[in-house]
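The structure appears below as structure tokens.
The values are calculated or read from the model by the stated rules, or taken from the named source; none is laboratory data. Worth saying up front: this structure is predicted, and the values here are computed from it rather than measured. Ideal geometry is used to build each Cβ from the backbone, glycine not excepted, and the neighbour counts take in all protein chains shown.
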């Protein structure tokens with residue numbers, strides 16, 4: 001489709017770890033569906049409903065990243081060789097240094 005996922009840290013293509021982290025909001029609720037009887041479905045719904053609500057919230061507020069992109073520090077860009085400037089203009093979500101504990 002002409003899109004690619006890149007890391008906001010250095011602009012390189014998305015790593016396997018970032019890809020797994022990026023898809024975690026979808027795969028975590030699905031894990032509980034393998035449990036037998038009805039309680040696996042209940043636990044899955046307990047996880048899936050808040051995650052779906054957060055996705056809807058981000059979409060309604062006009063955010064350009066979905067929850068998985070925020071967790072994995074990635075973004076989706078047009079996979080166009082002439083637009084390499086896009087990789088350099090994105091800023092990491094975690095640019096601020098951690099506050100030292102006292």
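Rundown of residues vs (1) over 13 Å from the mean Cα position of the chain (by Cα); (2) under 21 Å from residue 71 (Cα atoms), yes/no style:
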{"position": "3", "(1), (2)": "yes, yes"}
{"position": "6", "(1), (2)": "no, yes"}
{"position": "30", "(1), (2)": "yes, yes"}
{"position": "43", "(1), (2)": "yes, no"}
{"position": "49", "(1), (2)": "yes, yes"}
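Against the numbered list (1) assigned to a helix (DSSP H, G or I); (2) at pLDDT 80 or above, residue 76 comes up short only at (1).
Take the residues in region 13-37 that are outside any helix (DSSP H, G or I) and at pLDDT 85 or above; name whichever of them is surrounded by the most Cβ atoms within 10 Å (Cβ to Cβ). Steps first, answer last, please.
Filtering region 13-37 down to residues outside any helix (DSSP H, G or I) leaves 13-15, 23, 35-37.
Next, only the ones that are at pLDDT 85 or above stay: 13-15, 23.
On the way: 13: 13, 14: 20, 15: 14, 23: 13.
Only one residue fits best here, namely 14.
When residue 68 is tested against the conditions (1) modelled with pLDDT of 85 or more; (2) within 12 Å of the chain's Cα centre (by Cα); (3) assigned to a loop (DSSP other than H, G, I, E, B), the lone failure is (3). Taking into account only those residues within region 51-65 that are surrounded by 11 or more Cβ atoms within 10 Å (Cβ to Cβ) and not in a helix (DSSP H, G or I), which is nearest to the chain's Cα centre (by Cα)? If we take residues in region 51-65 being surrounded by 11 or more Cβ atoms within 10 Å (Cβ to Cβ) and not in a helix (DSSP H, G or I), then 65 is nearest to the chain's Cα centre (by Cα).
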